[in-house]
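Data block below; observations after.
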Amino acid sequence: MTQRVTRQMFERRYEQRARDEAMYSIYQSKIKAEQKDRVQQETDERSALRRKAARQRVADEEFAMAEKIYNQQQAYETRMREMQEQDAIAQALAEQTQAEIRDQKYRALLRENDAEIRELKSKLQTALITQTRDKQIKEADKRRKEEEQERIEEEQQMMRNYRREEAARVMEEEAKHANSLATRAFIQEQLRDKERRRQLLEVAERKRDEQQVNEIVARVQREDAEREAAYRQKQAHNFREMQDFMAARQAMKERERREQEEEDRKIAEFSMNVDERLRRAQEEQKRRDVAREAIGQRIARDIQAKQKEDEEYEQLCLDLAEQQELQRLQDRERAEAEKIRKQIEDCKVFMEQSLKAKAAERERTRIEELKLKQQMVEEQKRLNELAAVEQENARIKNEKYRRELTRQMLQKREMYEAARAQELKKLQLEQERENERQRILNEERRKLVINHILSMGADAVKYLPQGVLKEEDLDYLPEEYRIAILNTKV
């Protein structure tokens with residue numbers, strides 16, 4: 001007993017020890033697994049950190065590269081934008097230069113071809129010649145007065161010198177009196193010679209100035225005559241071209257008018273033909289309606305007669321067959337007639353044989369009569385439907401024609417409105433061009449007048465013809481010129 005207990009205790013201890021060793025082994029394995037996991041985790045963390053650092057370096061390099069590419073792209077776009085702006089500026093300057101060149105050419109063409117500008121140039125040239133001649137006359141008068149004053153001063157100086165010399169001679173010797181008188185006479189003769197030479201020089205200079213002025217006037221008149229002849233020749237050429245253009249335009253208008261009349265005539269004929277066809281269709285429809293009504297009335301009268309003549313079966317069947325196959329095809333009518341004839345023969349045979357067969361035949365005839373009536377009603381309904389369809393087709397055709405006619409009229413009206421709008425736009429454009437031409441001519445006229453006044457001075461206004469200088473031209477002159485011109489007018 002004791003041994004068994006001891007053995008059991010030993011076995012329990014052994015089992016407990018085995019369990020403890022198993023638990024320890026499990027614990028050791030867990031610890032090793034945890035250590036291994038911890039080492040693996042640390043290794044993974046270090047690897048993750050290295051990968052993260054590598055990715056960060058790659059990202060930094062990519063960011064630096066992207067930033068560099070972005071900066072290069074921005075610099076390229078900036079350069080391209082600057083180049084585009086420079087190209088746009090160059091294009092705008094080129095267009096502005098071309099516009100200025102076109103404007104200058106157009107202004108030069110207007111100056112050459114406008115009669116008012118030519119007339120204004122002629123007036124300004126005449127005023128310039130007149131003013132130049134007056135200046136020359138004034139300068140000649142001024143020189144003459146200066147020479148006269150110099151001559152007087154010389155004479156006075158000579159007289160003073162002579163008096164001093166004469167006083168000296170009187171004081172020195174009386175004997176030289178005769179010589180003094182001779183000297184005085186000689187001096188006076190020299191003065192008279194000098195005066196004669198001066199007068200001859202003035203006459204020669206005046207003749208030379210008049211000759212120059214006459215040559216300038218003749219040259220200007222000759223140039224004006226040549227320009228006037230060229231202008232009249234060009235005006236005659238333009239007038240002939242305008243006459244040819246007006247004749248061609250009139251012929252084109254006449255041709256368009258004839259084409260329009262022909263088109264209107266065709267439309268009217270087409271409308272008349274359509275109206276005539278519509279009228280004939282309506283008359284045909286009325287005729288058909290009258291015929292159908294007459295047939296219906298005749299069928300109704302026949303039915304009433306058949307109802308009254310029930311005993312006359314043969315005549316009733318024949319009339320019903322004839323009324324049923326009226327207005328139908330001839331082959332069907334002949335077949336029905338043959339059928340009715342056979343039925344009549346059968347009826348005669350049956351009536352002769354027995355009353356019972358006659359009663360049965362009457363019943364059958366009544367049923368057939370109902371069928372015939374129903375067929376006639378259906379036929380009338382079908383005819384009405386056909387008539388309605390024909391009328392609807394005619395209405396649709398008429399409506400289609402009217403819509404087409406309305407569309408053509410609207411199209412013609414739109415074409416007319418478009419042509420009228422285009423003509424108005426053309427007239428407006430011509431008016432704007434004419435206004436622009438008048439504005440440029442006014443500017444050129446003002447420029448000629450202002451340049452003439454600025455080059456010749458404020459006194460040039462006195463030599464201008466009436467109406468050349470206008471009130472609004474004063475605003476383009478300097479203040480001193482306006483004051484001088486206003487004072488001159490006052």
For this session: With respect to Q353, determine if the residue is surrounded by fewer than 14 Cβ atoms within 10 Å (Cβ to Cβ), among the polar types (S, T, N, Q) and modelled with pLDDT of 75 or more.
Result: no
Seminar exercise, completed: All-but-one check, E390 against (1) among the acidic types (D, E); (2) farther than 30 Å from P478 by Cβ; (3) modelled with pLDDT of 80 or more, failing number (3)
Exercise. Which one of I137, I117 is surrounded by 10 or more Cβ atoms within 10 Å (Cβ to Cβ), part of a helix (DSSP H, G or I) and at pLDDT 75 or above?
Worked result: I137
For this session: List the number of the failed condition for V389; all other conditions in (1) in contact with a helix residue (DSSP H, G or I) (Cβ under 7 Å, 6 or more places away or on another chain); (2) over 30 Å from Y481 (Cβ atoms); (3) of a type in the set (V, I, T) hold.
Result: (1)
For this session: State which residue pairs qualify: first residue over 16 Å from E283 (Cα atoms) and inside the range 373-392, second residue part of a helix (DSSP H, G or I) and among the basic types (K, R) in any location, beta carbons under 7 Å apart, and separation of 6 or more residues or different chains.
Result: L383/R292
Exercise. Taking the range 392-424 as the search range and keeping residues that are of a type in the set (A, V, I, L, M) and more than 25 Å from R257 (Cα to Cα), which one is surrounded by the most Cβ atoms within 10 Å (Cβ to Cβ)?
Worked result: A394
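The values are calculated or read from the model by the stated rules, or taken from the named source; none is laboratory data. Computed from a prediction, not measured in an experiment: that's the story for all the values here. Please note: Cβ atoms are built from the backbone with ideal geometry, for glycine as well, and neighbour counts cover all protein chains shown.
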